[in-house]
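The values are calculated or read from the model by the stated rules, or taken from the named source; none is laboratory data. As the structure is a computational prediction, the values presented were derived from the model and not from experiment. Note that each Cβ is placed from the backbone with ideal geometry, even for glycine, and that neighbours are counted across all protein chains shown.
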Amino acid sequence: MSLFYSALLNFEEMDILLAALIYTIATLIITYLAWKKRISWKKAFLLSLLLTPFAGAIYYSNTHILYTYKEARYKCQRCGFYFTTENEYCPHCAKDGVKVPLIKTYATMT
């Protein structure tokens, strides 16, 4: 009788281990898909791990990719203004009689 009971206990332990393995694999799959989609994979991982992989899948399917690009801007070191048009000197500082050359920078745009 005790041999049958110990074998039954082993099957229950195996079921728990199998469920934990499937849960972990589903969490890692959702995390990988979020990383490939270029959305917050850390958020997808935490949602999948702490809540359920189903919650991570909802986050993955409802989050859209944010496309970014770089746009040239020109910054004045004196007044701190940014300009989109290329000028040799800052127009605001030129009104004060000071010629400050503009420095080309790039702003990330969405």
If we keep only residues of the range 39-65 that are among the polar types (S, T, N, Q) and in a helix (DSSP H, G or I), then the residue farthest from Lys104 (Cα to Cα) is Ser48
Looking at the structure I just gave you, is Thr68 polar (S, T, N, Q), more than 18 Å from Thr110 (Cβ to Cβ) and either modelled with pLDDT under 95 or touching a helix residue (DSSP H, G or I) at 6+ places or on another chain (Cβ under 7 Å) (or both)? no
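Could you tell me how many of the residues in the range 68-110 are charged (D, E, K, R) and assigned to a strand (DSSP E or B)?
The number of residues fulfilling the criteria is 5.
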